[in-house]
Amino acid sequence: MYKNIIRPLFFLFDPEKIHHFTFSLIKVVSKIPGISSLFKSLYVVNDKNLERNLFGLTFKNPVGLAAGFDKNAVLYNELANFGFGFIEIGTVTPKAQEGNPKKRVFRLKADNALINRMGFNNKGVKSAVEQLKKNKENVLIGGNIGKNTSTMPDNYTADYISCFKELHPYVDYFVLNVSCPNVSSHAKLNDKDYLLELISEVQKVNKTFSKQKPILLKIAPDLNTVQLDEIIELVAETNIEGVIASNTSLNRENLKASNKILDEIGNGGLSGKPIKDRSTQVIKYLADTSNKAFPIIGIGGIHSAEDALEKIKAGADLVQIYTGFIYEGPLLVKRINKAILAQY
């Protein structure tokens with residue numbers, strides 16, 4: 001039904017507008033008595049064999065929703081009814097910001113992909129905190145944090161720390177988003193020396209809380225082997241809990257979309273099926289080279305249960321979906337969990 005009726009209808013409209021419409025629709029429909037229970041019966045798979053224990057947390061199942069979908073933490077309670085084991089909110093910045101000028105999200109239908117240059121549009125960390133206070137504890141929450149676009153280089157770390165302090169009581173784990181291709185000073189955020197400084201400062205703050213929260217680093221799929229080796233060294237040096245591989249890509253190779261269409265779209269991060277193989281390669285390299293020294297959350301081009309199993313086989317402990325959720329619909333979560341159970 002989703003792929004034959006709902007998706008074709010939704011795809012008639014601007015991606016960002018239909019995203020907001022869908023949020024409103026789910027919010028309203030979920031208030032109807034019995035609907036939340038109906039969604040759970042359709043999509044949630046409860047089985048102890050799906051549980052995963054990582055960095056001191058117990059995930060009901062290994063399939064999560066990636067950051068960027070529920071940026072402002074307004075729909076996570078309702079989204080939990082679709083069977084996710086965890087939901088990552090954000091990217092959240094200290095102050096609210098509009099992000100890049102519209103139009104800034106584009107579908108590549110023939111490629112089952114998206115290109116976006118949102119630019120960390122969000123309502124700011126204080127707004128996210130107010131929303132997270134409504135958590136019904138149906139699902140684990142990850143807090144994906146970043147810097148404001150207007151922040152000067154000397155204050156990047158202060159932005160991350162500001163978000164970290166504010167969100168700390170309300171999320172289960174943190175993700176330092178240093179790999180989004182749509183923010184300024186991308187190079188500095190990928191410099192190993194700076195990352196060492198950033199992680200060290202955030203960890204200092206983490207230790208001031210009675211209960212410390214796991215910290216993960218989200219990396220780009222476009223990193224070469226030398227850079228990936230640096231990530232492995234960085235995890236060892238800082239003792240952060242893990243890595244999310246991977247973010248969107250700047251690569252435009254082997255797309256079905258014409259060069260004319262790509263030129264009209266312009267810059268932005270590519271997500272969806274075209275980055276599936278590269279993301280899996282990054283996961284496998286990190287897992288094999290480090291001798292599986294740290295947990296990995298795999299994301300990038302998961303449009304089927306087979307795609308998810310491929311990432312798990314490559315070394316991912318958990319997986320996340322985003323573009324696949326848009327193209328394949330909510331049953332994708334259930335299909336993945338059922339496929340994982342079939343491995344037992």
Could you check the stretch 168-215 and list, in sequence order, the residues that are β-branched (Val, Ile, Thr), over 22 Å from residue 251 (Cα atoms) and either outside any loop (DSSP other than H, G, I, E, B) or at pLDDT below 95 (or both)? 175, 199, 202, 205, 215
Report yes if residue 165 is out of contact with any strand residue (DSSP E or B) (no Cβ under 9 Å at 6 or more places or on another chain), under 26 Å from residue 63 (Cα atoms), of a type outside the set (Asp, Glu) and free of Cβ contacts under 8 Å to residues at least 60 places away in the same chain, otherwise no. no
What pairs can you find where one residue is in the stretch 280-299 and surrounded by fewer than 21 Cβ atoms within 10 Å (Cβ to Cβ), the other is acidic (Asp, Glu) and modelled with pLDDT of 95 or more, and their Cβ atoms are less than 6 Å apart, with a gap of 6+ or different chains? 295/317
Residue check for residue 218: farther than 20 Å from residue 106 by Cβ, out of contact with any Gly (no Cβ under 7 Å at 6 or more places or on another chain), among the charged types (D, E, K, R) and assigned to a loop (DSSP other than H, G, I, E, B): no
Filtered residues of the stretch 221-249 (kept if in a strand (DSSP E or B) and more than 20 Å from residue 317 (Cα to Cα)): 249
With the checklist (1) in contact with a Ser or Thr (Cβ under 9 Å, 6 or more places away or on another chain); (2) surrounded by fewer than 24 Cβ atoms within 10 Å (Cβ to Cβ) in hand, flag the one item residue 334 doesn't pass. (1)
Where the second residue is of a type in the set (Phe, Trp, Tyr) and the first is at positive phi and lies in the stretch 45-69, which pairs have Cβ atoms under 8 Å and are six or more apart or on separate chains? 55/173; 68/322
If the requirement is being of a type in the set (Gly, Ala, Ser) and in a strand (DSSP E or B), which of these qualifies: 68, 119, 90? 90
A careful count of residues in the stretch 251-273 that are closer than 30 Å to residue 54 by Cβ and under 17 Å from the mean Cα position of the chain (by Cα) gives 5
In the stretch 96-145, what residues are basic (Lys, Arg), surrounded by fewer than 16 Cβ atoms within 10 Å (Cβ to Cβ) and out of contact with any helix residue (DSSP H, G or I) (no Cβ under 8 Å at 6 or more places or on another chain)? 109
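The values are calculated or read from the model by the stated rules, or taken from the named source; none is laboratory data. Quick caveat, the model's predicted, so the values are computed rather than measured. Reconstructed Cβ throughout: ideal geometry from the backbone, glycine too, with neighbour counts over all protein chains shown.
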